[in-house]
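Nothing in this text is a laboratory measurement; each read-out follows from the coordinates by a stated rule. Quick caveat: nothing in here was measured; it's all calculated off a predicted structure. In this analysis, Cβ positions are derived from the backbone assuming ideal geometry, glycine residues included, and neighbour counts consider all displayed protein chains.
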Amino acid sequence: MIFHILTIFPDFFKGPFACGVVGKAIESGAVELHIHNLRDWTSDRHRTVDDRPFGGGEGMVMKAEPLFRAVESIWPERSPGKKVLLLSAQGRLFDQSVARELSTIGEILLICGRYEGVDERVAEHLCDEELSIGDYVLSGGELAAAVVVDAVARLLPGVLGNEASAVRESFTEGLLDCPHWTRPADFRGWKAPEVLLNGNHEQIRLWRSRAAYEKTVRQRPDLLRKAGPAA
Ligand code: SAM
């Protein structure tokens, strides 16, 4: 899968993908990540990407022109296998099901807003969709883009060392993941559950299913309400 990120802060992305499974996938070529500097598509000597908002008020707004020029030069042709997504607090809420949906698309281009936001014509006429990573306001779309790339890339075949870990994790079947323990079995008197030490795989599987359900009831009952009554 190919990711493009359009930003005025290309150096931001040196950090988040320098390590971990996604970093390795990029290094091996299993995932392609292209960071584009929006200022490369400006035409004045100050490389201006923003201007004052019509109607007055605080702050600056990102101009439509460089963004259209950038996307149209990165992708001279659009197709259903390519999606342009604008990171925006006003977008569809990004969750695990959206991450799964995006992981089936061949190529996505993420636009990072800054300042007061982006000229609305970008959302209306350039992007396929606006995407929000949560109900809070960030100072820029870069952190949100990194979150989207990480969550989507790790779902791609071959990115996680153990394919099963993406199948049994939180939000996959409307539940949280089960809790995990590792050695030592007794740490400061807090013991790992006995059943996990006994080597009986069927008992462990059943115990983990129940533990995942109980943890969901405790921490995120809203997930169970969303999933509806068990069959
Ligand atoms: N005036 C905007 C509003 O109230 O919705 C906030 C603009 S914010 C300061 C600047 C940029 O950060 C946005 O254009 C967007 O790209 C990004 N951003 C902020 N919050 C976000 C969120 N929850 N999810 C995704 N991107 C976000």
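Dipole magnitude for the stretch 128-231: computed about the Cα centre from +1 point charges on Lys and Arg Cβ and -1 point charges on Asp and Glu Cβ, it is near 720 debye.
Sorting the segments 195-207, 171-183 by their mean number of nearby beta carbons within 10 angstrom, highest to lowest, gives 171-183, 195-207. Placing +1 on the Cβ of every Lys and Arg and -1 on the Cβ of every Asp and Glu, with nothing else charged, gives the stretch 2-153 a dipole about its Cα centre of roughly 300 debye. The separation of the stretch 177-207 from the stretch 100-116, counted between C-alpha centres, amounts to 39 Å. Among residues other than Gly59 with Cβ under 14 Å from its Cβ, the summed charge is -2 (Lys and Arg +1, Asp and Glu -1).
Determine by what factor the alpha-carbon radius of gyration of the stretch 103-225 differs from 2.2 N^0.38 Å, reporting the quotient.
Working it through for the stretch 103-225, the quotient is 1.47.
Once the piece of chain linking Ala166 and Leu143 is laid out straight, how much longer is it, given 0.36 nm per residue of separation minus the C-alpha distance between them?
Answer, rounded to one decimal: 6.0 nm.
Restricting the trypsin sites (Lys or Arg not before Pro) of the stretch 1-93 to loop positions (DSSP other than H, G, I, E, B) with no more than 11 neighbouring Cβ atoms within 10 Å leaves Arg45. If you count Lys pairs in the chain whose Cα atoms are under 26 Å apart, skipping same-chain pairs closer than 8 places in sequence, the total is 10.
Along its three principal directions, the equivalent ellipsoid of the chain from the Cα gyration tensor extends over semi-axes of 41, 20, 17 Å, largest first. Note on the chain: with a GNM built from Cα contacts shorter than 10 Å, the maximum mean-square fluctuation among Val217, Val71, Val122 falls on Val217. For the residues Phe17, Phe68, Phe187, a GNM of the chain with alpha-carbon springs under 10 Å puts the largest fluctuation on Phe187. Between the listed residues Gly141, Phe187, Gly59, the Cα displaced farthest toward the positive end of the dipole of the stretch 48-187, a dipole computed from Cβ unit charges relative to the Cα centre, is found at Phe187.
Applying the criteria of a DSSP loop state and at most 13 other Cβ atoms within 10 Å to the GluC sites (Glu not before Pro) of the stretch 12-111 yields Glu58, Glu77.
Taking one quarter of the surface of the convex hull spanned by the alpha-carbon atoms of the stretch 170-226 gives a direction-averaged projected area of 4.4 nm². Dipole of the stretch 123-231 (Lys/Arg Cβ +1, Asp/Glu Cβ -1, origin at the Cα centre): which of Leu156, Tyr213, Ala123 lies farthest to the positive side? Farthest along the dipole direction, towards plus: Tyr213. Considering only Cα atoms, the convex hull volume of the stretch 1-122 works out to 132 Å³ per residue.
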